[in-house]
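A.B. asks: Could you have a look at this structure, given as structure tokens, before my questions?
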Amino acid sequence: MDFLTLFAVYVVVVLTCIFLVCKYSGQQQTPLNTLFNTIIKVLAPFTPTWLQKITRWSLHKFFHQRNNLFIYVHILLEGAVYAEFTYEVFGFCREMDTTLTSLSVPYILLAFKTFFFYLCIKRDPGTVTKKKLSGQLSIYPYDRRLFHPGVSCPTCQLVKPARSKHCRLCDRCVQRFDHHCVWVNNCIGAQNTRYFLLYLFSVCAMAGDIALLTADMLLHAVIRSGLLASSYIDEFGQKQPAGFMFVVQHLFLTFPRIVFMLGFLVFVFLLLAGYALFHSYLALVNQTANEWYKSRGYVCQHCHPTTAADVLCNPASDHSKRYYYSRGIRRNLGEIFYPLQPARKKDN
């Protein structure tokens, strides 16, 4: 069972890394950043000054500036999966009479995913600029809950439109800011949220389809080998029927890379499917991830008065609405795929 133990450790480590990246991406202080700073302080007396400068520059670039590291990691992992699928799983599936149509689906999905991935990387998310500011200010009203009129960005020196936020990594304010995605090295905002959603769904479809084809191939291999009806001699010399764990161990020994890839695809699919569903929910209620995160700990001094002089808001008023910008599912989705534009001035 050494393979199962090794794979379990692998799953825990990768899931932990993905969780930490998702949780702390775009934040100034992260556990990894703190750990590195502590190590640098401990080793500082024994490290040359030039090496300390290079290390600090590298850490600053990694944690506080945009970089393409995760794009390269994304492409590397994707290439490894498709290489294994093409050179091993594809051939086994053809021997088991899987149709070419079914086997071509992952490559078609790859083309769609690559297209949306490119758009997420290259498309401007909706940068707030001095030239566009007057129009961007008119797109959304201020809810006076999370967004208030007259607030200026101390970095951009521009009045912040409602639903905008300054991204520290990109060093710009973004209209209808959702979050900064390290995997596409870009902010997700008003102008590219639709591409991000389609990118998420296409990645989920890719992982799910390859996982199904791989699992079907392994299932057919087990059935054809008659492994389920076989038996083995255990360490005590007793004859035992081949159970589920024995079959899994046998598959690890026979198809180690294929089983390894399948396990990776399964938990990546589950992780991304949950993430895609969360962003789909936000799209349906017209809320961004930034607004969802900020509203969790929001306490209105009017709706929840702390003194006798405070006045309660009307629960039915717009101010007290949790989903202030929601205009119904149809219009909410329309806003995602057809971003609102500044109102044009009528000619006299």
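Each reported figure results from applying straightforward, stated rules to the coordinates on display, with no laboratory input. The structure displayed is predicted, hence computed values, not measured ones.
A.B. asks: Calculate the length of the line joining the C-alpha centroid of the range 183-228 to that of the range 145-177, in whole Å.
C.D. replies: 36 Å
A.B. asks: Amide H to amide H under 5 Å from H179: which residues, 5+ apart in sequence or cross-chain, H placed 1.01 Å off N in plane?
C.D. replies: Distant-sequence amide H within range of H179: I188.
A.B. asks: Let me ask you something else. Can you list residues whose amide H is under 5 Å from C167's amide H, if they're 5+ apart or on another chain and H is modeled 1.01 Å from N?
C.D. replies: Counting only residues 5 or more places away or on other chains, the set is R172, C173, V174.
A.B. asks: Report the full-extension gain for the segment L333 to D124: residue separation times 0.36 nm, less the Cα-Cα distance, to one decimal in nm.
C.D. replies: So the extension gain works out to 73.3 nm.
A.B. asks: Starting from 0.36 nm per residue, how many nanometres of slack lie between V285 and K131 once their C-alpha separation is accounted for?
C.D. replies: Between V285 and K131, full extension yields 52.4 nm more.
A.B. asks: Considering amide H positions built from the backbone, and no H for Pro or chain starts, which residues 5 or more places from T127, or on another chain, come under 5 Å of its amide H?
C.D. replies: Q175
A.B. asks: Moving on. Cross-link list K130/K165; K131/K294; K113/K165; K132/K165; K165/K294; K113/K294: which exceed 19 angstrom alpha carbon to alpha carbon?
C.D. replies: Long pairs (Cα-Cα over 19 Å): K131/K294; K113/K165; K113/K294.
A.B. asks: Ordered by residue, what ³J(HN,Hα) values in Hz, to whole numbers, does the range 127-135 give under the Karplus form 6.51 cos²θ - 1.76 cosθ + 1.60, where θ = phi - 60° and Gly and Pro are x?
C.D. replies: Calculated HN-Hα couplings, in order: 5, 7, 10, 4, 5, 9, 4, 4, x Hz.
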